[in-house]
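Only one structure is covered here, and it is reproduced in the block below.
The values are calculated or read from the model by the stated rules, or taken from the named source; none is laboratory data. These numbers were taken from a predicted model, which means no experiment stands behind them. Neighbour counts are summed over all protein chains in view; Cβ atoms, including those assigned to glycine, are modelled from backbone coordinates with ideal geometry.
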Amino acid sequence: MANRTPLIAGNWKLNLDHLQAIALVQKLAWTLQDGKHDHAAVEVAVFPPFTDLRSVQTLISAERFELRFGAQDVSEHESGAHTGEISASMLAKLECSYVIVGHSERRQDHAESDAIVGRKAAAALRHGIVPIVCVGETADDLEQHGASAVPVQQLRDVLAELPATGEIVVAYEPVWAIGSGKAATADQAQQVCQALRQVVAEVRGDEAAAATRILYGGSVKSGNIAGFMREPDVDGALVGGASLDATEFAAISRFQQ
Ligand code: PEP
């Protein structure tokens, strides 16, 4: 069995200006330090809004915090006439390790297709940033097709846009579980994550599938994280609301204790 370092990723969404971001990152880093968090054993990353990234980068590098950070989206384009877009090379300059692509809120609010999500992930890979590719079914999809069918197809379509190699992370986020307080069960998450790993195996090979981290996201809290992390195909969590509270997010990151 591959040795996959768990990743706990906090998606702040449209919350916190750069001053609030500094306060939260500082408190999170200190809380993790107090708890003697082993960053080599469990990676912890935050995903602030674009306008906070420079401040977060400066703080993390000045204080030598072991936290990782990334952006919530990226342009599929490199540069040019694309008003309002942020390129992967700009994020790479800010030392972003990761970028979230295809979050269901972007798919809904900005009509992002799997092809667009795939091209965004490809742009990230070209600049050495690991894309966190989000997939997940709506409540309607779940009722009509079961849990796996839609996320599996989404992942296939995204992977079709990517080169055969280059690290990616997959996040299974059932849309009905996001922000609803109604998380999937650990067993449901395991079944879909296993199906997603199978897709990675078919497209990129068994070795890549064994090395690829697959996260669960959707109403994760300190009270339910341990159950997800016990599942063999769940390698971490993408956390929304609960990542805005440093104490709670640090507790989620300490899921083993
Ligand atoms: C998310 O936005 O990716 C998410 C999982 O949100 P929440 O944890 O609030 O459900």
Mind listing just one residue for me: the one in the range 219-255 that is assigned by TED's automatic domain parsing to the domain that holds PRO174 and assigned to a helix (DSSP H, G or I) and, of those, nearest to THR5 (Cα to Cα)?
MET229
Inspect the range 55-72 for any residue being assigned to a loop (DSSP other than H, G, I, E, B), of a type in the set (D, E, K, R) and closer than 13 Å to PRO131 by Cα and give the result as yes or no.
no
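Would you be able to tell me the number of residues in the range 158-195 that are assigned to a helix (DSSP H, G or I), in contact with a strand residue (DSSP E or B) (Cβ under 7 Å, 6 or more places away or on another chain) and either farther than 14 Å from PRO131 by Cα or modelled with pLDDT under 95 (or both)? It would help to see each step written out before you state the result.
Filtering the range 158-195 down to residues assigned to a helix (DSSP H, G or I) leaves 158-159, 175-177, 186-195.
Right, trim to in contact with a strand residue (DSSP E or B) (Cβ under 7 Å, 6 or more places away or on another chain) and you get 158, 189, 192-193.
Filter again for either farther than 14 Å from PRO131 by Cα or modelled with pLDDT under 95 (or both), leaving 189, 192-193.
Counting residues in the range 158-195 that are assigned to a helix (DSSP H, G or I), in contact with a strand residue (DSSP E or B) (Cβ under 7 Å, 6 or more places away or on another chain) and either farther than 14 Å from PRO131 by Cα or modelled with pLDDT under 95 (or both) gives 3.
Matching residues to (1) farther than 27 Å from SER222 by Cα; (2) in contact (Cβ under 8 Å) with a residue 24 or more places away in the chain; (3) crowded, with 22+ Cβ neighbours inside 10 Å:
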position	(1), (2), (3)
GLN57	no, yes, no
GLY70	no, yes, yes
SER75	yes, yes, no
MET90	yes, no, no
Checked the range 109-148 for anything of a type outside the set (D, E, K, R) and more than 16 Å from VAL74 (Cα to Cα); matches are VAL135, GLY136, THR138, ALA139, LEU142, GLN144, HIS145, GLY146, ALA147, SER148
Tell me which residues, restricted to the range 229-249, are closer than 25 Å to ALA211 by Cα and out of contact with any strand residue (DSSP E or B) (no Cβ under 7 Å at 6 or more places or on another chain).
MET229, ARG230, GLU231, PRO232
